[in-house]
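The structure under discussion appears below in the form of structure tokens.
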Amino acid sequence: MRVTEYSLCFCLVFVARLMVMTTSASEVIPSLQPPTTVEKPAVAPTQPISPQQIHPSFQQQPPQMPSHFAPPGLGILSQTLAGPELPDVKDMTNPAYLLGLAGIHLQFGAIDRAEPLLRTALEKTKDANQKLAITQALGLCLERKGDNKGAAEQFESAYNASTNPSEKAQLGLSLAGTYLRTGDADKAQSIALDVAKPDKARLDEPYIQQNVLHTLTEIWQAKPALLDAYLADAEAALAKDPSDTVLLQRLSDIYSNVKHDPVKAASYSERIAAAHPDDKMAQYRLAASYQQSKQFDKAIDLYKKLMAAPGERKDEVRSQAFQVGMMMLQAGKKDDAVAWIKDNYVKDMTLSRDYSMVSMFYEQAGMNAEAEESLTKQAELAKAPDEKVDAKLRIADMAFRKKDYDKAESVAKAVEAEFKDNMNAQNRATAMIKRVEFEKNRPAAPIVAVKAVPVGKGQDAKPQALVTPPDVKAGVPATNAKPPTAPVLGADAVPASDPKAADGK
């Protein structure tokens, strides 16, 4: 967010507050001072500062802070200011004050000013939490400076000192990324695999494991040999403990997203699902693996099995029934898919969302009339204006893709007129109208007749460069240009359809 007059004023008020905290009442309120014969020089009234007068360094986009910690020092500084004893703003040895100042400098990209403050604060502090915050901030400062080696040292220190499981994991992933930027992929993988160890104390464990896989993928792309070695070690570990679900899941993810071998990935997902038959997420992941590996019949059987499970909720059964229909379509069984959807989904539709879902099925099946009818019904049942807009503009989009530009434009204009106070509707409808206008006014591609004249005979024949006729300039055909004709072959040229053409005889 760019610095506005408001944020600048906030900074000025903040500084003024600090000044008030360290200034005596007689200095703040001159009227309370005893009369004196010494006159103070007059001070010119302060003029408001316009955005144009702000220094360019304050106008630029402030660098983004990492997600795993807040702007360094600001939290500690605010707690310090709220306490009974306020820090002396003139005391440049107070770690909280130095950390707060450095945080402001970092926020606006003044790295050269932030670094010495942070190093002094790190020397002076004796509080463990404060030291952790300073270390993180210094690592960030060095990283922005381009000193990845120095940043890695600070992040590793913070990583080893952190006691919060989730924060430690995030610091570890940042550290792995920093090591990768230094060119030390081995160290980066070691840190990432350390973070990958399951920890029940981490409330965001699924999110962390996703980030671990993303980080490892970047490392393995930089040094593929590490992946091959890891897979060999993982397979050996799995042979010793075939029930290691975490390792099975990681191997499934690697073969799915890194090695791009969906069949191999599915084999690991099968083992997980077999070991945890009551784990619905494991069953859903297996169905997704079957779909990715194009084992549609297995995916269909698994979804039907889930539908028949005792105690399954009605909404889950309907969702699984819809997935079966989609799998049948992908398997090329359109008639079976349509019959299935009508018997297991369409007959119980009551909500606008149902019609939205089935419209996607019909559209993928090439049944545009049924898809449009479902979208129309969705618009009728929808209560939220944006849902109505979405249904109607999907009709316009379908018409556009069929090149029925008049209908697409008509529907979009109707939406524009109906939802005058809805900015989302106005923007989307206008975008559709512009797309239609562009297609309607698109110039036709120029028609140019050319001749492909081979030079030489038999195997030595080489096609001549295509030459634009002299009466065609700038891509615009002349008024006497003739329609395109089949290429004219030389007398001894052999048509491509002739089996002799394969060997040039």
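The values are calculated or read from the model by the stated rules, or taken from the named source; none is laboratory data. Because the structure is predicted, anything quoted here is derived from the model rather than measured. All Cβ positions, even for glycine, are placed from backbone atoms using ideal geometry, and neighbour counts span all protein chains on display. Heads up: the accessible areas ignore ligands, DNA and RNA and are worked out on the full protein's heavy atoms, side chains in. Shrake-Rupley method; radii C 1.70, N 1.55, O 1.52, S 1.80 Å.
Tabulated results
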quantity: All positions within region 425-447 that are hydrophobic (A, V, I, L, M, F, W, C) and within 17 Å of residue 390 (Cβ to Cβ); calculated: 425, 429, 431, 432, 433
quantity: Residues within region 327-378 that are of a type in the set (A, V, I, L, M) and more than 22 Å from residue 307 (Cβ to Cβ), tallied; calculated: 4
quantity: Residue in region 308-317 that is touching a residue at least 12 places away in the same chain (Cβ under 8 Å) and surrounded by 14 or more Cβ atoms within 10 Å (Cβ to Cβ) present; calculated: no
quantity: Residue within region 324-335 that is over 30 Å from residue 261 (Cα atoms) and without any contact (Cβ under 8 Å) to a residue 24 or more places away in the chain present; calculated: yes
quantity: Helices (runs of 4 or more DSSP H) fully within region 255-332 counting 3 or more residues that are over 29 Å from the mean Cα position of the chain (by Cα) and within 26 Å of residue 218 (Cα to Cα); calculated: none
quantity: Number of positions in region 381-412 that are open to solvent by 70 Å² or more (accessible area, probe 1.4 Å), touching a residue at least 12 places away in the same chain (Cβ under 8 Å) and among the acidic types (Asp, Glu); calculated: 1
quantity: Top-ranked residue in region 413-428 [being in a helix (DSSP H, G or I) and of a type in the set (D, E, K, R); ranked as surrounded by the most Cβ atoms within 10 Å (Cβ to Cβ)]; calculated: 428
quantity: Condition met for residue 438 (without any contact (Cβ under 8 Å) to a residue 12 or more places away in the chain, assigned to a helix (DSSP H, G or I) and aromatic (Phe, Trp, Tyr)); calculated: yes
quantity: Complete set of residues in region 343-364 that are within 24 Å of residue 402 (Cα to Cα) and either in contact (Cβ under 8 Å) with a residue 60 or more places away in the chain or surrounded by fewer than 19 Cβ atoms within 10 Å (Cβ to Cβ) (or both); calculated: 360, 364
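Conditions (1) within 20 Å of residue 207 (Cβ to Cβ); (2) without any contact (Cβ under 8 Å) to a residue 12 or more places away in the chain; (3) open to solvent by 30 Å² or more (accessible area, probe 1.4 Å), marked per residue:
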| residue | (1), (2), (3) |
| --- | --- |
| 240 | no, yes, yes |
| 243 | no, no, yes |
| 246 | yes, no, yes |
| 262 | no, no, yes |
| 271 | no, no, yes |
| 277 | no, yes, yes |
